Amino acid sequence: MISLLGIYRPKRTALHLAPVWFKMLLLVGVSITSIAVSDPVTSIGITAACLLLLASTLPPLKATLKGMGAIILIAALTTVFQVLRGDYVRALDLAGDIVSVAALALAVSSSTSMGAMLDFVTTLARPLRWLLPPESIGVMVSLTLRAIPEAAQILTESRVAARARGMDRSPRAILIPSASRTVGFALQLGQALHARGIAEHGRAARIEPRQVTEDDAPPPVLAEPPVREMPRTEEEAPVRPGSRRERRR
């Protein structure tokens, strides 16, 4: 499921050309309809339409089959649980709802670039600019999407390293290295944001400018004593009383 975060591929399909707000409204509308309607025939029809819409976006085959395989497994387990309870209609309805919403979400992910999605999130966050800058919310969403696969990769590498040492059954050998590496990744990410001035920009935008008063004026600088230039030659120097030059005269 982690690999589905990078499922987008630039295409010229109908869903690729549709605006982001339309795709998000479609996803919300289908999700609400799937929950509100309990008819298995309608659920199966919506599921077929969502699967066809997913296929029309031409997503990566391997990642899509892997992701949909996990969703279908969850739907199958839910169906078995409802069948054991004797509710066959509810079993078909739940399975169809799970598969349809997941397929449509994958269709939106495969047809929407990360930049377009972040612009949409930033636009939605503009009414909350008094609380947090919209650009900061967009950065938070992008960092969240970036941190999920990174954390999954760290956990996988820690599990492989523990298995190589013969400690794959020890939770300590997996969780402690994963936690330390995750904290290190977070610190590096914070340093990168600080170096680019993202956090400072958001903090400076919330600070109200203060009027400068007389107390805030810098202290006056004392005048430097005058510097007297030394004469270049002996003839240009002034004659002092009692000096050798006066005696010569």
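Annotations
- Within segment 67-76, one or more residues are at pLDDT below 85 and either surrounded by 15 or more Cβ atoms within 10 Å (Cβ to Cβ) or in contact with a His (Cβ under 8 Å, 6 or more places away or on another chain) (or both).
- Condition check for S158: surrounded by 13 or more Cβ atoms within 10 Å (Cβ to Cβ), farther than 27 Å from Y8 by Cβ and more than 13 Å from the chain's Cα centre (by Cα): yes
- Positions within segment 26-47 being more than 16 Å from S111 (Cβ to Cβ) and either open to solvent by less than 30 Å² (accessible area, probe 1.4 Å) or of a type outside the set (A, V, I, L, M, F, W, C) (or both), in sequence order: G29, S31, T33, S34, S38, D39, P40, T42, S43, G45, T47
- Restricting T64, T47, T33, T42 to residues that are closer than 30 Å to E150 by Cα and either of a type in the set (S, T, N, Q) or in contact with an Asp or Glu (Cβ under 8 Å, 6 or more places away or on another chain) (or both) narrows the list to T64.
- Test set (1) within 18 Å of W21 (Cα to Cα); (2) among the aliphatic types (A, V, I, L, M); (3) at pLDDT 85 or above - A95 fails condition number: (1)
- Selected residue (criterion: least open to solvent (accessible area, probe 1.4 Å)) from residues of segment 165-198 that are farther than 30 Å from E135 by Cα and among the charged types (D, E, K, R): D168
- When C50 is tested against (1) surrounded by 13 or more Cβ atoms within 10 Å (Cβ to Cβ); (2) out of contact with any helix residue (DSSP H, G or I) (no Cβ under 6 Å at 6 or more places or on another chain), exactly one condition is not met: (2).
Per-residue answers, yes or no, for (1) farther than 30 Å from V41 by Cα; (2) part of a loop (DSSP other than H, G, I, E, B); (3) open to solvent by less than 40 Å² (accessible area, probe 1.4 Å); (4) touching a residue at least 12 places away in the same chain (Cβ under 8 Å):
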| residue | (1), (2), (3), (4) |
| --- | --- |
| I98 | no, no, no, yes |
| A105 | no, no, yes, yes |
| M117 | yes, no, no, yes |
| P127 | yes, no, no, no |
| R163 | yes, no, no, no |
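- The residues in segment 71-96 that are in a helix (DSSP H, G or I) and among the charged types (D, E, K, R) can be counted, and the count is 2.
The values are calculated or read from the model by the stated rules, or taken from the named source; none is laboratory data. This structure is a prediction, so every number in the text was calculated from the model and none was measured. Here Cβ is always computed from backbone atoms with ideal geometry, including for glycine, and neighbour counts include all displayed protein chains. All accessible areas refer to the heavy atoms of the entire protein, side chains included, with ligands and DNA or RNA removed. Shrake-Rupley method; radii C 1.70, N 1.55, O 1.52, S 1.80 Å.
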